[in-house]
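K.L.:
Before anything else, here's the structure in question.
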Amino acid sequence: MAQTDITSSERDGMGPHGTKVGLLRVLGPAHVWALGVGIVLVGEYMGWNFAVGKGGAYAALMACWFAGILYSCVAMIDSEVTSTVAAAGGQYTQAKHIVGPLMAFNVGLYLVFAYTMLEAANAITAGYLVSVVATMTGYGGALDQRPFIILVIMFLAWLNYRGVLATLTFNLVITSIAFIAIIVLFLSTSGIIGDGIMQHAALFEGHEKPYGWIGIVAAMHFGLWFYLGIEGTTQAAEEVRSPARALPFGTLAGIMTLLIAATLTWYICSGVLPWEFLGDGVNGSVAPLFDTARLSGSNALIWFLGIGTLFATLASANGCINDASRAWFALGRDKYLPAWFGAVHPQYRTPYRSIVFLVPIALIFALGAPLDQVITFSILSGLLGYTFMPLNILMFRKKWPMGTIKRGYEHPFHPIPAIVLLCLCAFTFFAVFLGYGTQLVAMIGFYIVVSLWFHFWRYRFVNRGAQFTMPWPKPLGY
Amino acid sequence: MMETWNYIEYAAWGLSALFGLLMVMDWIKTDSTYSEDVLTSSREGELEAMTEESHKG
């Protein structure tokens, strides 16, 4: 067969193996960046500061950088595997090819739960932000937040339904604005432009380690919040024009952006807000960057950071809908779930049934569950996914050593990143257990029950041969 | 200001319903226009399969 350009307008991403309607290959590296950073950046605007409450400002910085190492490992490992296994479903598809169906089923569920819960948490936050704006503009009563929560989910689901290019271009614009807002706040408050308002020495004195070393361990849990979701870039694998180039480029640029944003956020907020206020994300500083802008005394900064907070929230919810629906779609396409979910819209070329199906689920969590529980279940599902990743890359390199298959990106220092990631995951599980032991046990119990269901019932419906699509040689030792 | 926000609330309810309706109507239209074979014909790894065929020359 002659060289075929699958990205040409004639082919349009469709291949010769029976796909009549497939997902559209239209995205570039900037969209991958926008998907990954868009999901995460809300964590800089709110949530990370609970780490300060657990162990003080220094503990939050240690958590920020420890989690930064963890996620750099995640980004490198993901870039290598997903540039090779470039299909919707991301880590689910990786698990299917490298570990096996039961692992894949679990990873698929981790992804759907982590993203759908995060989407619900974002919608709750957006509703809250609108109520804050109402109060600031003189509204006296208690604003009903429900219509705004529902509107966020409905509008973003509709956008996702209509096409991936518009969805992620929208994310690119609002994520960039939210990131620039952090840079502008740093420049304006640190003394680089105008007078600085930083008081690090005075604020830290006598509060270096308010709860000792155990506080620093406990802070680790919320350090994840700075980066949680960057691994979502892999879900775009089937919709990028050049997976081998765009996925590593977008993902690694994304983690670099987040390392900068996280460190700047910590520096800005801890230098202006006292740790007792900063660390109380419920009754104290709900949105620390916004609170810092308020203390700067500049109206322009207040508006800019207010808009940044809202945009970061919307970008995260938008990316979560995109990712959860791709994972659900991939599970359906392989008949791990009913094949009905594996449908693609003939005109918009999106997994439309999966997008619509997950809307009521997100609404139930957004309207019926408390925010901290929703966030905790999202983090726990994410953490289970991160624990899978080092095992995945170790098996990948063992079964298909370098040179046996073409990789879009090869991560350096193997197996050090995998071992570091595994150790940090174990450490974070311990930190989560300190604060949310019951939820952790309940969550693991849930995954054991669904695994049994999959093994003893559902797997009989799976197309066992057809699910392995990668044209790879037999793995070493088989 | 109270009134303005009350109107914004109604608008949010209305827009939510509109987006929901647009999705559900298009969903029903799509499902009744195309056969299930076409809609669920997407297969994983099409790009990779083609690259492999190209390599075989």
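K.L.:
Scan region A:348-362 residue by residue and report those that are hydrophobic (A, V, I, L, M, F, W, C) and either surrounded by fewer than 21 Cβ atoms within 10 Å (Cβ to Cβ) or more than 10 Å from chain B (Cβ to nearest Cβ) (or both). Show your work before the answer.
P.N.:
Start the filter on region A:348-362 by keeping residues that are hydrophobic (A, V, I, L, M, F, W, C), which leaves A:355-359, A:361-362.
Residues satisfying the conditions are A:Val356, A:Phe357, A:Leu358, A:Ile361, A:Ala362.
K.L.:
Of all the residues that make up region A:231-260, how many are surrounded by fewer than 24 Cβ atoms within 10 Å (Cβ to Cβ) and in a helix (DSSP H, G or I)?
P.N.:
Residues meeting the conditions: 9.
K.L.:
May I ask you to verify whether A:Ala134 is of a type outside the set (Phe, Trp, Tyr), without any contact (Cβ under 8 Å) to a residue 40 or more places away in the chain and buried (at least 20 other Cβ atoms within 10 Å of the Cβ)?
P.N.:
Yes; evaluated as a whole, the condition is true for this residue.
K.L.:
Something else now. What are the pairs with Cβ atoms under 9 angstrom where one residue, in region A:43-59, is in contact (Cβ under 8 Å) with a residue 12 or more places away in the chain and the other, located anywhere, is among the polar types (S, T, N, Q) and in a loop (DSSP other than H, G, I, E, B)? Sequence gap at least six, or different chains.
P.N.:
Listed pairs, sorted by first residue: A:Met46/A:Ser285; A:Asn49/A:Ser285; A:Val52/A:Ser285.
K.L.:
Then there is this: Being of a type in the set (S, T, N, Q), surrounded by 17 or more Cβ atoms within 10 Å (Cβ to Cβ) and either within 26 Å of the chain's Cα centre (by Cα) or within 14 Å of another protein chain (Cβ to nearest Cβ) (or both) is the requirement here; does A:Thr469 meet it?
P.N.:
For A:Thr469, the condition - of a type in the set (S, T, N, Q), surrounded by 17 or more Cβ atoms within 10 Å (Cβ to Cβ) and either within 26 Å of the chain's Cα centre (by Cα) or within 14 Å of another protein chain (Cβ to nearest Cβ) (or both) - is met.
K.L.:
Scan region A:337-347 residue by residue and report those that are buried (at least 19 other Cβ atoms within 10 Å of the Cβ) and within 12 Å of chain B (Cβ to nearest Cβ).
P.N.:
Of everything in region A:337-347, those that are buried (at least 19 other Cβ atoms within 10 Å of the Cβ) and within 12 Å of chain B (Cβ to nearest Cβ) turn out to be A:Phe341, A:Gly342, A:Ala343, A:Val344, A:His345.
K.L.:
Restrict the check to region B:39-53 and report whether at least one residue is more than 7 Å from chain A (Cβ to nearest Cβ) and modelled with pLDDT of 90 or more.
P.N.:
no
K.L.:
If you check A:Asp334 against the conditions, is it within 14 Å of chain B (Cβ to nearest Cβ) and acidic (Asp, Glu)?
P.N.:
yes
K.L.:
Could you give me the residue pairs with C-beta distances under 7 Å whose first residue belongs to region A:307-329 and is touching a residue at least 40 places away in the same chain (Cβ under 8 Å), whose second residue is surrounded by 24 or more Cβ atoms within 10 Å (Cβ to Cβ) and among the charged types (D, E, K, R) wherever it lies, and which are 6+ apart or on separate chains?
P.N.:
So the pair list comes out as A:Ala317/A:Glu119; A:Cys320/A:Glu119; A:Ile321/A:Glu119; A:Ala324/A:Glu119.
The values are calculated or read from the model by the stated rules, or taken from the named source; none is laboratory data. Owing to the predicted nature of the structure, the values given are computational and were not obtained by experimental measurement. Neighbour counts are summed over all protein chains in view; Cβ atoms, including those assigned to glycine, are modelled from backbone coordinates with ideal geometry.
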